[in-house]
Amino acid sequence: MALHWLDQPLTWLFWTGLHVTGWKLIGYTGALMFGGRWLVQFIASRRAGKPVIPRLFWYMSVIGSLMTLSYFLFSAKQDSVGVLQNLFPAFTALYSLHLDIRHRGWKRDKASH
């Protein structure tokens, strides 16, 4: 694959003592985005005074899943457990995002349920 440069260590992070490649950075970012969606949901629910799921939650789910999925598919890791672990949530998030847009419209992103 033409993305072998992502397997190389990122020299600008050598000072940390960590071995971080481009793929790991993509994986870390995806994991943080996927986990950070719960903070978005918490803040939206706190503001609404009831449990709500804002559209940003689904965007973060899709992007986070796709980033971690790409890490497990294309990096040197190539872990089938990681692929399965991220493939199903990606489909669920895409479907939920589709339902949210269909239910509330494209431009209305305020969580109302």
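The values are calculated or read from the model by the stated rules, or taken from the named source; none is laboratory data. Given the structure is predicted, the values throughout are model-derived calculations rather than measurements. As a convention, Cβ positions derive from the backbone with ideal geometry for all residues, glycine included, and neighbour counts pool all protein chains shown.
Here are a few things to note about the model shown:
- Sole exception among (1) surrounded by 12 or more Cβ atoms within 10 Å (Cβ to Cβ); (2) free of Cβ contacts under 8 Å to residues at least 40 places away in the same chain for Lys107, by number: (1)
- Among the residues of region 47-78, the one identified as of a type in the set (D, E, K, R), within 19 Å of Met33 (Cβ to Cβ) and over 15 Å from the mean Cα position of the chain (by Cα) is Lys77.
- Restricted to region 69-110, and to residues there that are charged (D, E, K, R) and out of contact with any helix residue (DSSP H, G or I) (no Cβ under 9 Å at 6 or more places or on another chain), the residue that is modelled with the lowest pLDDT is Lys107.
- Residues in region 39-59 that are free of Cβ contacts under 8 Å to residues at least 12 places away in the same chain and assigned to a helix (DSSP H, G or I) were compared, and the one that is nearest to Ile101 (Cα to Cα) is Ser45.
- Residues located in region 60-79, provided they are in contact (Cβ under 8 Å) with a residue 40 or more places away in the chain and either outside any helix (DSSP H, G or I) or touching a Cys at 6+ places or on another chain (Cβ under 6 Å) (or both): Ser75, Ala76, Lys77
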